[in-house]
Amino acid sequence: MAPFGRGSSSTTRAATPFDGKGKRRKSANVILRASDGIEFRVQKHQIAFASPVLDELIRQASSSTSPPSSPGLRSGPRIRAVVDLPHPSDVLDLFLRFIFPVSEPTLTLDDVTVLLELAHKYDAESVRSRMRTHLSLPAHMEHDPTRIYALATYAGFNDIARVAARHTLFRAPEQDMAAVPLLSGAAFLRLTAYQRSCVRDAAEVARVVDAVPWWVQLQWRRFCFLSECGGECASVLPRRRLTWHKTLYGVVDVPQYWIDYMKGVREALMRKRLDPGAARDPALLRPAVEAGAKCSRCASKVYWDMDEFSKLLEEAIEEAISMVRLTFDDPDEDDGRSTRSSTTKCAYLLPRDHLVWPLYEYFNTYHRKLIQNPDDYVHFNVDEDSEPPDGSSMWQ
């Protein structure tokens, strides 16, 4: 801060409403002077309410400019305290417009960056909180989500930072993260860890090695590539046997083209942008449909089955990403123990799947236990006229 002093008549006043003219002439009792000499005549009480730091600077300036009082002498012209600030007039004008009750200007991300720095420097909570709306604008979020994440983290807007981090997954990696304003090292590491977790979990959804993915439901055996096709599939198409614990025998034979499709989706998620829409990429669906059409029984439905399954896969990938939670150091908000939600929402299930899913799960569990431990179950051959044994119930 420059030394405090009295204003000069040759200095240039700021534009309305900080020129101290008209009705504001008497109430403007302090001058904030920018680094380029422009003077802003403002009300001391309003500054004191919005910024404790500026209030203290004004108090120091007032004590140094107040003349000693002498009994019997008439007071001279009013002397306004002058506070020299190391900011250009355009920055100071923007900052004051978010302190005083005037209309808000349209802001760019550069403006938001400057205002957040000033709000932090001068402890202006009202200015910081009013930046939330500007950081949440869809235009800013789509244009530069990494910068929005950095600014939101700096300002403590964790909810906006989570949304911005989610948007960064759809963009190419930043060439120079060090050039992002106000991005701290801790925030950078937190973002990269979140992105890696999202890629890992999304790729796991499409991972097929020796077993059908866990999220694939038993009722989806209606799809030709998950059913035991009795047509020409076995003779014209290569097939692989995969473990599938939801079936009665625990295995299923699937065509190789479905495995290749899942592999292609997984590679696209890991090597390209993390976009759930990769599941519906025509370049990946076309080879699978063409291969499935070689079977006379599957030819009439493979296109529709692959199309429906690709939508389910896209939703499952989207859900896997949404379950990864970006954690912060705030003890009141996050426990810091896990970055993944513990509850599966199963949002990818269709309405008809929700209706039959519990029944499949119940009968699947019952039959598997019956096969593994048949002696644990009592079977009754009961006709209409017979009674169950004493002390037993047919419904147990």
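The values are calculated or read from the model by the stated rules, or taken from the named source; none is laboratory data. Please read all numbers here as calculations on a predicted model, not as lab measurements. Note: ideal-geometry Cβ built from the backbone for every residue, glycine included; neighbour counts use all protein chains shown. Calculation scope for accessible area: heavy atoms of the full protein, side chains included, ligands and nucleic acids excluded. Shrake-Rupley method; radii C 1.70, N 1.55, O 1.52, S 1.80 Å.
Brief remarks on what is shown
- Residues of region 203-215 that are surrounded by fewer than 21 Cβ atoms within 10 Å (Cβ to Cβ) and over 12 Å from VAL251 (Cα atoms): ALA203, GLU204, ARG207, VAL208, VAL209, PRO213, TRP214, TRP215.
- ARG132 being open to solvent by 40 Å² or more (accessible area, probe 1.4 Å) and among the basic types (Lys, Arg): yes
- Test set (1) more than 20 Å from ASP201 (Cα to Cα); (2) open to solvent by 60 Å² or more (accessible area, probe 1.4 Å); (3) in contact with a Phe, Trp or Tyr (Cβ under 9 Å, 6 or more places away or on another chain); (4) not acidic (Asp, Glu) - TRP304 fails condition number: (3)
- Residue that is farthest from VAL53 (Cα to Cα) [pool: residues in region 86-129 that are open to solvent by 30 Å² or more (accessible area, probe 1.4 Å) and touching a Ser or Thr at 6+ places or on another chain (Cβ under 7 Å)]: PRO88
- Single residue of region 188-236 satisfying the filter (among the aromatic types (Phe, Trp, Tyr) and in contact (Cβ under 8 Å) with a residue 12 or more places away in the chain) that is nearest to LEU151 (Cα to Cα): TYR194
- Within region 241-290, the set of residues being open to solvent by 20 Å² or more (accessible area, probe 1.4 Å), under 13 Å from VAL208 (Cβ atoms) and under 34 Å from the mean Cα position of the chain (by Cα) comprises ASP260, LYS263, ARG266, GLU267.
- Contact map, region 84-112: first residue in a helix (DSSP H, G or I), second residue of a type in the set (Lys, Arg) and open to solvent by less than 50 Å² (accessible area, probe 1.4 Å), Cβ cut-off under 8 Å, separation 6 or more or different chains; pairs are LEU109/ARG147.
- Number of the condition not met by ASP159 [criteria: (1) touching a residue at least 12 places away in the same chain (Cβ under 8 Å); (2) under 13 Å from the mean Cα position of the chain (by Cα)]: (1)
- Which numbered condition ALA161 misses (of (1) over 30 Å from GLY277 (Cα atoms); (2) open to solvent by less than 10 Å² (accessible area, probe 1.4 Å); (3) in contact with a helix residue (DSSP H, G or I) (Cβ under 6 Å, 6 or more places away or on another chain)): (1)
- Among the residues making up region 259-287, those that are in a helix (DSSP H, G or I), in contact (Cβ under 8 Å) with a residue 40 or more places away in the chain and among the hydrophobic types (A, V, I, L, M, F, W, C) are ILE259, MET262, VAL265, LEU269, MET270, ALA279.
- Residues of region 307-321 classified as within 22 Å of MET270 (Cα to Cα) and either in contact (Cβ under 8 Å) with a residue 40 or more places away in the chain or over 34 Å from the mean Cα position of the chain (by Cα) (or both), total: 8
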